[in-house]
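The values are calculated or read from the model by the stated rules, or taken from the named source; none is laboratory data. Quick caveat: nothing in here was measured; it's all calculated off a predicted structure. Cβ placement follows ideal geometry from the backbone for every residue including glycine, while neighbour counts extend to all protein chains displayed.
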Amino acid sequence: MDEQRLRERPWLRRWFLIQLVLEIAIMGTWTGIQDLQGGQHLVALVQAGGLLILFLLGLWLLSRREQRLPELGRFKRWLYRTNHYLQAIILIAFLPTILQQALRLLAKVNVQGDAFLIGALVIYMVMFIPMAVFALGQIQSLLGRLLMLFFGFFDIVFSTNVLTGGGLTYSHWLVTVAESGVVGALAFVVTIGIAMQCWGFSWPSIRLSKSARWWVLILIALISVWFVIFNAFSTGDSWKNIWYAYAFHVKAPTLEMILGGIEPGIAEEWLMRFAVLGLLLQACRRFRHPVAWAVIISSLLFGLVHVTNILGGQPALATLDQVLSAAAIGSLLAAIYLYTKSFLWPVLFHAGVDSLEFVSSGSQSMTSPSGAFDWQITLAINLVFIVAAIFLLTGKRGVTVRENFPDLTISTAKKRLKH
């Protein structure tokens, strides 16, 4: 389903229009009540005017001229494209708050909380779809797409926790689910999946490539299982702990820890291995080694994403360790996806690593390496990841990768010669 057909769907256009109206009504009602009760009539008037402007700019996305951008003058094209970014940023940032305000309005009538929070979480998973089609999906720049992907990742995945602050009382397990980020991860999958469709990409497959060799798959499985166990149970105080002599223990087998590991397995893989890697493969397809460049750049970006963990109170050395390790394992996860063509494999690998680590350690933050030996083990493991990634992307395995993703690894010129 291409972008043009999506934009022409009447029900989707009505959905977006209704969403804009509700956005203005809920935000206007809530802020208006607050300002008028405080005697700030001028502020209420200014906010009403600002909301009206945002509403009109949102309607602009439904204009028929959006479909004829190449025919417009340079300045008009710039205005329309600027509005794509503006509306995507505003809707990504404020739709969760609008949903929260709706829950707060319900709290005024003392309704039961659980049913409404469940409804809000279901709405959350699909409420960004119109924005993905009419705003985010219209962005054409590679840099713009990448920046919006990361903005959407941090905002959509981690904003469900605002829903639990709506003034209602909820069950503990439901609060745990809402604040885990799993629902946000699913919302991110839906949103970015639709945007990628608008950009000309198909959703990833979960089936194994028919060209993949069975012995290579067994090797990948052994590496995956080994690292999941090593990462969770190795004490890291001697070289033998890399391969055996694990300390099997579980400190916190809680729903919070399990969901805390599943969330990055879904959201980070969808961001890095599907969206970012796909865009980079397309952008690098005229390079001599498009797969290598795409994997290297996406892996470095994956490592840098983890710098933000320092904002959550994680020690600086632990964050540096995590950045280096994430970049290395990111190259392996990318290579596994490209070779197997099964997006399910890196998702399960990533989720297994994080979930078992959180359950065994009882924490979702890394601790700083305790000495030079810890750094040596980290570098050794990272070297294993990089070597394994190179192995999967070269030789006959590299041929399999190019067969799995021909549209992203064959340049336009070569396609013409082929056909």
**Looking only at the range 315-332, and only at residues there that are in contact with a His (Cβ under 9 Å, 6 or more places away or on another chain) and modelled with pLDDT under 90, the one that is nearest to Ile390 (Cα to Cα)** = Gln322
**Complete:** Within the range 10-37, residues being within 20 Å of Leu136 (Cβ to Cβ) and at pLDDT 85 or above number 10
**Prompt:** Can you name the number of the only condition in (1) touching a His at 6+ places or on another chain (Cβ under 9 Å); (2) under 18 Å from Gly265 (Cβ atoms) that Ile139 fails?
**Reply:** (2)
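Can you tell me which residues in the range 159-178 are without any contact (Cβ under 8 Å) to a residue 60 or more places away in the chain and assigned to a helix (DSSP H, G or I)?
Filtering the range 159-178 for residues without any contact (Cβ under 8 Å) to a residue 60 or more places away in the chain gives 161, 164, 169-172, 175.
Selection gives Asn161, Thr164, His172, Val175.
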**Asked** Can you tell me which residue in the range 325-366 is farthest from Ser224 (Cα to Cα), limited to those that are surrounded by fewer than 23 Cβ atoms within 10 Å (Cβ to Cβ) and among the aromatic types (Phe, Trp, Tyr)?
**Response** Phe343
**Request:** Starting from the range 224-236, take each residue that is part of a helix (DSSP H, G or I) and list its partners that are hydrophobic (A, V, I, L, M, F, W, C), counting only C-beta distances under 6 angstrom and pairs at least six apart or across chains.
**Result:** Ser224/Phe349; Val228/Val353; Val228/Leu356; Asn231/Val353; Ala232/Leu356; Phe233/Ala247; Phe233/Phe248
**Request:** Would you point out which residue out of Phe201, Phe150 is of a type outside the set (Gly, Ala, Ser), under 28 Å from Thr308 (Cα atoms) and surrounded by fewer than 20 Cβ atoms within 10 Å (Cβ to Cβ)?
**Result:** Phe150
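Answer yes or no as to whether Ala232 is modelled with pLDDT of 95 or more, touching a helix residue (DSSP H, G or I) at 6+ places or on another chain (Cβ under 9 Å) and among the small types (Gly, Ala, Ser).
Against the criterion (modelled with pLDDT of 95 or more, touching a helix residue (DSSP H, G or I) at 6+ places or on another chain (Cβ under 9 Å) and among the small types (Gly, Ala, Ser)), Ala232 does not qualify.
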**Request:** Can you tell me which residue within the range 267-304, out of those that are buried (at least 21 other Cβ atoms within 10 Å of the Cβ) and of a type in the set (Val, Ile, Thr), is farthest from Ser365 (Cα to Cα)?
**Result:** Val291
**Message:** Only one of Leu338, Leu304, Leu300, Leu320 is in contact (Cβ under 8 Å) with a residue 40 or more places away in the chain, assigned to a helix (DSSP H, G or I) and not hydroxyl-bearing (Ser, Thr, Tyr). Can you tell me which?
**Reply:** Leu338
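Does Val295 count as at pLDDT 90 or above, more than 19 Å from the chain's Cα centre (by Cα), in a helix (DSSP H, G or I) and among the β-branched types (Val, Ile, Thr)?
Numbers: at pLDDT 90 or above: yes; more than 19 Å from the chain's Cα centre (by Cα): no; in a helix (DSSP H, G or I): yes; among the β-branched types (Val, Ile, Thr): yes.
In short, no.
In the range 207-238, which residues are loosely packed, with under 12 Cβ neighbours inside 10 Å and either among the aromatic types (Phe, Trp, Tyr) or within 30 Å of Leu280 (Cα to Cα) (or both)?
Result: Arg207, Lys210, Trp214, Trp215, Ile218, Leu222.
Taking Ser209 as the residue in question, decide whether it is small (Gly, Ala, Ser), under 30 Å from Gly395 (Cα atoms), part of a loop (DSSP other than H, G, I, E, B) and not assigned by TED's automatic domain parsing to the domain that holds Leu106.
yes
So which of Phe116, Phe75, Phe128, Phe94 is within 27 Å of Gly165 (Cα to Cα) and at pLDDT below 85? Before you say what the answer is, go through the steps one by one.
Numbers: Phe75 fails: within 27 Å of Gly165 (Cα to Cα); Phe128 fails: at pLDDT below 85; Phe94 fails: at pLDDT below 85.
Among Phe116, Phe75, Phe128, Phe94, only Phe116 is within 27 Å of Gly165 (Cα to Cα) and at pLDDT below 85.
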